[in-house]
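The values are calculated or read from the model by the stated rules, or taken from the named source; none is laboratory data. Values in this document were obtained by computation on a predicted structure and should not be read as measured data. Methodologically, a virtual Cβ is constructed for each residue, glycine included, from the backbone with ideal geometry; neighbour enumeration extends over all protein chains shown.
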Amino acid sequence: MTRKPTRRATFQQPDDTPVVLPHVLITVTESGALDVTVDGTAFPPPAAGTEWTRGTFGPLMDAVTKDRTIAVRIEVHEVDGTVFTDLIRSRKRTTPPPTDDDAAAPETRRARRAKHTRTPVLIEVTGDGFVPGEDIAAAVIVSHTDATGTGAARALLDQRQLDSLAKSPHEVVLYGRISGTVVVRRVS
């Protein structure tokens, strides 16, 4: 009896995806300074004679993640003994600007359509109480509902509510994914 050879699926990791995420350990000192290590190696601030602080948490995360191009696992040890952990994801890569060689190529339908679209009108929504550098979710409230006697909630949305978002005033929720801070603002 001869054995038939088995085929094994091979999975290839992209070259820039680490098998294990870098581990960032931040210890808050009594003075409020942050001692930072990445995979056990000290991560000093960019300028000599300075230190990482809560106020520089955002720039620290940008430096550790190389401007959000790599994902990291973060662990923060507070002075009182509490520990916070999170994964900081990398952002999607953007396409590089066109080169001179690309300029000679014919325009795509998408590029022609983009020229004729309206410029977006931006509305600023602000709030305080978030951890510096944390990921903030922004959501538009289109409906309200009540909780049942058991604490459950159910929302039924009419497609027309979603279609009318730009036509009427709404509330916006800013939700801090690390701090749990919730800010609700009315926009018109």
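Quick check on Gly180: is it within 30 Å of Asp86 (Cα to Cα), modelled with pLDDT of 75 or more and assigned to a loop (DSSP other than H, G, I, E, B)? Here the answer is yes, as Gly180 does meet what is asked. Screening region 166-177 for residues that are among the hydrophobic types (A, V, I, L, M, F, W, C) and touching a strand residue (DSSP E or B) at 6+ places or on another chain (Cβ under 6 Å) and picking the one that is modelled with the lowest pLDDT gives Val172. Note on region 77-92: among residues that are in contact (Cβ under 8 Å) with a residue 12 or more places away in the chain and not in a loop (DSSP other than H, G, I, E, B), the one that is surrounded by the most Cβ atoms within 10 Å (Cβ to Cβ) is Ile88. Does Thr119 satisfy the criteria of being under 30 Å from Pro22 (Cα atoms) and modelled with pLDDT under 70? No: the conditions fail for Thr119.
Here Ala48 clears all of (1) surrounded by 15 or more Cβ atoms within 10 Å (Cβ to Cβ); (2) more than 23 Å from the chain's Cα centre (by Cα); (3) among the hydrophobic types (A, V, I, L, M, F, W, C) except the condition numbered (1).
Within 19 Å of Gly81 (Cβ to Cβ) and either touching a residue at least 24 places away in the same chain (Cβ under 8 Å) or acidic (Asp, Glu) (or both): is that true of Leu34 in this structure? If you could, list the steps in order and put the result at the bottom.
Working: within 19 Å of Gly81 (Cβ to Cβ): yes; either touching a residue at least 24 places away in the same chain (Cβ under 8 Å) or acidic (Asp, Glu) (or both): yes.
Considered against the rule, which asks whether it is within 19 Å of Gly81 (Cβ to Cβ) and either touching a residue at least 24 places away in the same chain (Cβ under 8 Å) or acidic (Asp, Glu) (or both), Leu34 comes out as yes.
Taking residues in region 54-71 that are closer than 12 Å to Pro22 by Cα and in contact (Cβ under 8 Å) with a residue 12 or more places away in the chain, and partners anywhere that are among the hydrophobic types (A, V, I, L, M, F, W, C) and surrounded by 13 or more Cβ atoms within 10 Å (Cβ to Cβ), the pairs with Cβ atoms closer than 7 Å and at least 6 places apart or on different chains are Val64/Val24; Val64/Val38; Val64/Phe43; Val64/Val72; Thr65/Val72; Thr65/Ile88; Ala71/Leu21; Ala71/Ile88.
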